[in-house]
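The values are calculated or read from the model by the stated rules, or taken from the named source; none is laboratory data. Predicted model only: the values in this text are computed from it and were never measured. Ideal geometry is used to build each Cβ from the backbone, glycine not excepted, and the neighbour counts take in all protein chains shown.
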Amino acid sequence: MKKTHLILIFVMILSLVVVFLHLSNTGFLTKQENIREPIFAGSWYPADEKELQNLTSKYLENVQKINFDGKIKALIVPHAGYIYSGQIAATAFKQLDENYETIFLMGPSHRYYLTNVSISNFDYYSTPLRKVKVSDKANKMLEEKIIKNIEEAHENEHALEVELPFLQTQLNDFEIVPLLVGPSDTNELKNVLIKYIGEDDLIVVSADLSHYHEYNEALALDSYSVGRIMELDDEGILNSEIDAPWAVSSILKIAKEKSWKPYLVAYANSGDVTGDKTSVVGYSAIVFVESFSNEEKQFLLNLARESAETYLKEGKKIKINEKEVPENLKSEKGCFVTFTEDEQLRGCIGHILPQKPLYECVIENAINAAINDERFSPVIYEEMKDIKIDISILGVPVLLEYNSSEELLSKLRAFEHGVILKRENYQSTYLPSVWNQIPDKQEFLSNLCAKGNMKAECWKNPRTEVYVYTAEDFSE
């Protein structure tokens, strides 16, 4: 082949390479990234990368990290301009560990009337710090009836955007599922979220409290809203003045189902920041903590069953290698183990106060529930295949202060409080799960009096001490 032909072929190949690269760069051969730009940078928060990084870091450095006993699974944070609510939001974000895989970022639609839930079809959300990938879970969730894609709702909405720089500063790499929530079936939304949220994922609900009331009126409204959240009142929160009440309600439903405990870490309103208290907006920072992982719960359930079956079959306690016990299960906790058969109680015994490591408490009380509950004949080994085991891990009881039986009833939180009644040498307790059988407060207390061999109205006597505690319940 002649040299001129070789040169011509080389030139043609080089030209094709140049054309290919050009087409790639212009998106003809590759899918262009669909990026939501930071629309509110420069107004609600700084547009300059360095200035924004310094500001979020400063807010976070002003906050003390709290040593929660468990993993944070959800946050409720405000979304006003940073000069108003940035420090409150940072109080919640500071509590996060560095590693979460996917953030389910939920908020209201301020400028577009939305029903149900909209997920954006952007590939990335961008801030002056960097871009964040939208998780593939977002596309999968579009298969759910309650989920739609209404891009107009996302294009000019600040509620999700303003949370991203805090997440980018506090966390390592993560992906997001951007959700705007309007009036919705909160049970359906709860079920969808539970379906897609993984063990290493986080929910962040972007929500301000009351808007444009005089300072003291705002305090009263916000106190009600925060109270509904702290009591996991998923119905009452719908009557609160709060952004995205349907999103918040769905989280409260999940928290009850998963035994997440809420903690209020900060509250303020714009009047506290600016000094102008004539018309204010309220802000709260709330974290939801899961004390025990699914793996730890399953470990305890397996331990309870093996303990009972081994004792019933061989008459001895199981031997366990402490090195195989998760560290979180070695702390001292009160616990109850409950046996049911055909949905009927078959045995229930436990320790109210912390006496020994949790895993030992479960071993001991699984055996006790099988053979030492005097209300029932001992369980036999052959029955165990029909026994369902439930474990309740108890918080430390607290004396409830009240001045009248009416005040006692108002302070008692049905479905959340376990109750101890104590009068001289008499004492009895009901776990929080008993509210499912006796939801009326007065009937609940009267039955608890009778259980302790006290008069049915002993709870009305000021000499009767009332203690309350919480419990995390889980079952096979």
Next on the checklist: Looking only at the stretch 44-80, filter to residues that are free of Cβ contacts under 8 Å to residues at least 60 places away in the same chain and assigned to a loop (DSSP other than H, G, I, E, B); which one of those is surrounded by the fewest Cβ atoms within 10 Å (Cβ to Cβ)?
Outcome noted: 67
Next on the checklist: If I filter the stretch 132-162 down to residues being part of a helix (DSSP H, G or I) and basic (Lys, Arg), which single residue comes out as surrounded by the most Cβ atoms within 10 Å (Cβ to Cβ)?
Outcome noted: 137
Item to check | Hits in the stretch 191-209 (condition: surrounded by fewer than 21 Cβ atoms within 10 Å (Cβ to Cβ) and in a loop (DSSP other than H, G, I, E, B)) | outcome: 197, 198, 199, 200, 201
Next on the checklist: Just to be sure I understand, how many residues within the stretch 246-289 are of a type in the set (S, T, N, Q) and within 11 Å of residue 232 (Cβ to Cβ)?
Outcome noted: 2
Item to check | Number of the condition not met by residue 232 [criteria: (1) under 28 Å from residue 111 (Cα atoms); (2) touching a Lys or Arg at 6+ places or on another chain (Cβ under 6 Å); (3) in a loop (DSSP other than H, G, I, E, B)] | outcome: (1)
Item to check | Condition broken by residue 100, with the remaining ones in (1) touching an Asp or Glu at 6+ places or on another chain (Cβ under 7 Å); (2) in a helix (DSSP H, G or I) satisfied | outcome: (2)
Item to check | All positions within the stretch 417-435 that are surrounded by fewer than 18 Cβ atoms within 10 Å (Cβ to Cβ) and under 22 Å from the mean Cα position of the chain (by Cα) | outcome: 433
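Okay, residues lined up against (1) farther than 30 Å from residue 94 by Cβ; (2) buried (at least 18 other Cβ atoms within 10 Å of the Cβ):
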| position | (1), (2) |
| --- | --- |
| 280 | no, yes |
| 285 | no, yes |
| 293 | no, no |
| 327 | no, no |
| 340 | yes, no |
| 348 | yes, yes |
| 352 | yes, yes |
| 359 | yes, yes |
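Where residues in the stretch 9-43 are of a type in the set (Ser, Thr, Tyr) and assigned to a helix (DSSP H, G or I), which of them is modelled with the lowest pLDDT? Show your work before the answer.
Step one: of the stretch 9-43, the residues of a type in the set (Ser, Thr, Tyr) are 15, 24, 26, 30, 43.
When the remaining residues are screened for being assigned to a helix (DSSP H, G or I), the result is 15, 24.
Working: 15: 52, 24: 49.
That would be 24.
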Checklist outcome for this item: The condition from (1) within 29 Å of residue 427 (Cα to Cα); (2) in a helix (DSSP H, G or I) that residue 296 misses is numbered (1)
Checklist entry - Would a scan of the stretch 205-215 turn up a residue that is closer than 27 Å to residue 112 by Cα, modelled with pLDDT of 95 or more, among the acidic types (Asp, Glu) and in contact with a His (Cβ under 8 Å, 6 or more places away or on another chain)? => result yes
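Test of understanding: among 422, 455, which residue is closer than 16 Å to residue 352 by Cα, out of contact with any Pro (no Cβ under 8 Å at 6 or more places or on another chain) and not assigned by TED's automatic domain parsing to the domain that holds residue 333? Please lay out each step first, then the result.
Numbers: 455 fails: closer than 16 Å to residue 352 by Cα.
Only one candidate passes the filter, namely 422.
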